[in-house]
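Undergrad: Shown below is the structure under consideration.
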Amino acid sequence: MGQACARWFARRLLPREAPLSLTATTVGVGAALCSMGSFAPQIVKIWKERDASSVSLRMYLVTVSGFVLWTIYGVLIGSWPVATSNVVCLGMSGAVLALKWRFSR
């Protein structure tokens, strides 16, 4: 099932002129899923505790800026998997930043 899923992603999501191996595709999908999901625990913790005092404002400002740049890069090179995964990460890190501002008042 996992190899079939990775092959499906490879056929539909990757540019035809630059085919990647199944291993590279699997690593890329895994990396994107880890990156996108990494912000969820922080968002849940902040929301439950109604406290974001331990979140570094500077760090999240840099993180959000990085995801904006990665998204632009993905669009410029025509890689919608790069652009899409970074838009999701941008939204999640932006949510942490918004919660930081909301609960810091």
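The values are calculated or read from the model by the stated rules, or taken from the named source; none is laboratory data. Since this is a predicted model, take the numbers as computed values, not measurements. Every residue, glycine as well, gets a Cβ built from its backbone with ideal geometry; the counts of neighbours run over all protein chains shown.
Undergrad: From the residues in segment 62-96 that are under 8 Å from the mean Cα position of the chain (by Cα) and among the aliphatic types (A, V, I, L, M), which one is surrounded by the most Cβ atoms within 10 Å (Cβ to Cβ)?
TA: Only one residue fits best here, namely M92.
Undergrad: Being closer than 17 Å to G37 by Cα and among the hydrophobic types (A, V, I, L, M, F, W, C) is the filter here, so list the residues in segment 71-98 that pass it.
TA: V82, A83, V87, V88, C89, L90, M92, A95, V96, L97, listed by residue number.
Undergrad: Please go through segment 29-50 and pick out each residue that is surrounded by 14 or more Cβ atoms within 10 Å (Cβ to Cβ) and not small (G, A, S).
TA: V29, M36, F39, Q42, I43, K45, I46, W47
Undergrad: Go through segment 23-49 and give me each residue that's over 16 Å from L97 (Cβ atoms) and in contact with a Phe, Trp or Tyr (Cβ under 7 Å, 6 or more places away or on another chain).
TA: T25, V29
Undergrad: Report yes if some residue within segment 8-22 is at pLDDT 90 or above, surrounded by fewer than 17 Cβ atoms within 10 Å (Cβ to Cβ) and touching a helix residue (DSSP H, G or I) at 6+ places or on another chain (Cβ under 6 Å); otherwise report no.
TA: no
Undergrad: Can you tell me which condition M1 does not meet? The list is (1) within 17 Å of A83 (Cβ to Cβ); (2) modelled with pLDDT under 65; (3) not hydroxyl-bearing (S, T, Y), and all the others hold.
TA: Here M1 clears every test but (1).
Undergrad: Quick check on segment 19-47: of everything there that is in a helix (DSSP H, G or I) and among the hydroxyl-bearing types (S, T, Y), which residue is nearest to L57 (Cα to Cα)?
TA: Result: S35.
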